[in-house]
Every structure is written in C-alpha cells, then in structure tokens.
1. At 7 Å along Cα-to-Cβ for each site, give me the label-to-label distance between residue 110 and residue 126 in nm.
2. Efficiency by 1/(1 + (r/R0)^6): what FRET value for residue 167 and residue 202, r their Cβ-Cβ distance, R0 = 30 Å, to the nearest 0.05?
3. Could you state the principal axis extents of the C-alpha atoms in segment 92-160, from the largest down, to the nearest angstrom?
4. Please work out how much length the chain gains when fully extended from residue 178 to residue 13, using 0.36 nm per residue of separation minus the C-alpha to C-alpha distance, in nm with one decimal.
5. What is the distance, in nm, between label points placed 7 Å from the Cα along the Cα-to-Cβ direction at residue 156 and at residue 73?
6. Considering the alpha-carbon set of segment 13-89 alone, what are its Rg and its Dmax in angstrom?
C-alpha cells in the first residue's frame, strides 16, 4: 500500500459507522455496500452529498493502513458479482498472534483497535483500553493482567506507544518524544508551542544499556562451594 497515490479525505462519523457495520457483516455485495454507505450518511450527515464509493473507502483505508487491515474489492467465484470485505494484510503475523495470545487477550486487542478507530485522533489512552476488561468474552481478566497484556502488545509492535499534545492533538511516538525533547528542561509542542505535559522518556542508548547489564552481572553475589 505504500507509494499509493489514491486521493483520501477526512475520516468522519459516517466513515466510522460504515466501518463498524462492515466489520459486523464481514463480506457484502457492492449493492449492499452502497446502501450501507447511504444509510450511514442518513444517520450522521443527511445534508451532505454522498461521496463516490471508491474515494469513501480510500479514506477509511488510509486510517486502517497502519493496522495492516484494508477494505478490498473482489468478485464472487460463481458468477463474478462485485463484493467488498475487510481483510488482514499480514496473515502470517496475525496467525502467529493467534497462537501467542489467549482468547480473552485477543478480544482485548480487537476492542482496543475499535477504540483507536472510533477516536478522532487515532489514539487511545491505556486507561481507556484497560477499562474494556469488563466487556471481554470468555475468561475474566483483572486490570493488572490487562496491563501486562497491553505491554506485550507494545513490545511485539502490535500497538505503538506514544504521546499527543492536549492542545493541537499532534502525535509523537515515544522514541521521537525522547529524541526531540532530550535537551529541553521545559518541553513545548513542536506544532503549537504549548507546554508538553507528559513525562519525557530517556533516549535509548545501547552502550549505556550494555554497561548497565555488565554492572548488574558484576554485583551478583558469588556462592562459595562447600566441600
């Protein structure tokens, strides 16, 4: 999908409602997709002109791109009717995820994605994600367990941790935050120059990390062997 020159617009509540309903149905024929699009406009923006379906879907796909998900158009095998479906673009990785995580952990991930997609910023706070534990299917999960699972999602790069400006909404990944503000005692937003209220992480230094590891190793108490 990189290098695609397709035109995209701004994601609105019309697009979000459409995506939620398509996720529910899975696969729809083109005529049903067009009806669904008109329905979403009627619910959220009845005075707006219905956007061309291709441009409408491209706008949604531009948001889904970072999640390795896309709405794709295809045809039925029997009679060639046009259909639309929400598909994973990283099947191998998704299969691996299914083997690495329990059912309730995968449910937490799905709900976290829905939260991110529904947001105006493309972000969801860890607090809001952790509050989803009561809605999970199957085995119950405590918030402490959910914190650990959420950290695993970040470590495995299924979710990316970041910070956003509370004034203008600009978003930065944590490594970028660390590098940008490393020499600033009073950090300010690079976009609107308002005060940056978040804790700035340290810049990762491989050499320092290696020295710390060696220091820990040297501090381990030696055991005397009894004869």
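Quick note: the coordinates plus some simple rules give every number you see, no bench work behind them. Since the model is a prediction, treat every value here as computed from it, not as a measurement. Quick reminder, even Gly has a Cβ in these numbers, built from the backbone with ideal geometry, and neighbours come from all protein chains shown.
1. Each label point is offset 7 Å from its Cα along the Cβ direction, giving 2.5 nm.
2. Efficiency, from the Cβ-Cβ distance: 0.75.
3. For segment 92-160, the Cα extents along the three principal axes come out at 32, 27, 18 Å.
4. Extra length available between residue 178 and residue 13 comes to 56.1 nm.
5. For residue 156 paired with residue 73, the spin-label model returns 3.5 nm.
6. Calculated on Cα positions, Rg and Dmax stand at 12.3, 39 Å.
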